[in-house]
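Enquirer: Structure incoming, see below.
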């Protein structure tokens, strides 16, 4: 799949991010600003912020995570549902994951004109957790530590919730949480059998 949905997302995100890093006006127009979305009819920012990043490190981390796990998940969705339906599922997962990742930040900051965020982290989080639910027993290596996907999911979500409650960082942990929750439920909606695998794991 040379021109898969994932490939298009990667190319568009990398290209726009690199461009926006050198053009502050473009970055400012694409950032997620709940106050402007609510009061100035700029709801497009809910999606445009997914295509820009603060710096090379921010971009690289998100795109590597998206590529390595998203590439596997996309292929599995295509294999299970067929080419067209599989790609539609992946696109829906990514962009609705990005949308859901803005719900908590929007609720918290829609009256705060100073809040701004950018990056694909929320959408990537949706893909990562969709991968975890689809492949709970997959072997992952996280910070040189081998672990099963289900364990990574639990540890990651617990850490994000703790960091969000603690506060004091510039990272939108609430966006990561929102994306993760959407990724979990998306897979359960399109393939309830995956939910049964998780229940068997728990009980």
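The values are calculated or read from the model by the stated rules, or taken from the named source; none is laboratory data. Just so you know, these numbers come straight off a predicted model, no measurement behind them. In this analysis, Cβ positions are derived from the backbone assuming ideal geometry, glycine residues included, and neighbour counts consider all displayed protein chains.
Enquirer: Taking only pairs six or more apart or across chains, which ones have beta-carbon atoms under 7 Å, a first residue in the range 144-169 that is without any contact (Cβ under 8 Å) to a residue 24 or more places away in the chain, and a second residue that is exposed (fewer than 13 other Cβ atoms within 10 Å of the Cβ)?
Expert: Listed by first residue and then by second, the contacts come to 146/139; 148/137; 148/139; 149/137; 152/142; 163/169.
Conditions (1) buried (at least 19 other Cβ atoms within 10 Å of the Cβ); (2) on the phi > 0 side of the Ramachandran plot; (3) touching a residue at least 24 places away in the same chain (Cβ under 8 Å); (4) in contact with a strand residue (DSSP E or B) (Cβ under 6 Å, 6 or more places away or on another chain), marked per residue:
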residue	(1), (2), (3), (4)
134	yes, no, yes, no
172	yes, no, yes, yes
177	yes, no, yes, no
182	yes, no, yes, no
185	no, no, no, no
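Enquirer: Given the structure, is residue 132 in contact with a helix residue (DSSP H, G or I) (Cβ under 6 Å, 6 or more places away or on another chain), farther than 23 Å from residue 47 by Cα and at pLDDT 95 or above?
Expert: So residue 132 fits the description; yes.
Enquirer: Yes or no: residue 17 touching a helix residue (DSSP H, G or I) at 6+ places or on another chain (Cβ under 6 Å), at pLDDT below 95 and under 30 Å from residue 111 (Cβ atoms)?
Expert: Judged against the criteria, residue 17 is not a match.
Enquirer: Continuing with this model, one more query. Is it the case, given these coordinates, that residue 49 is part of a helix (DSSP H, G or I), farther than 30 Å from residue 192 by Cα and in contact with a strand residue (DSSP E or B) (Cβ under 7 Å, 6 or more places away or on another chain)?
Expert: Yes, satisfied.
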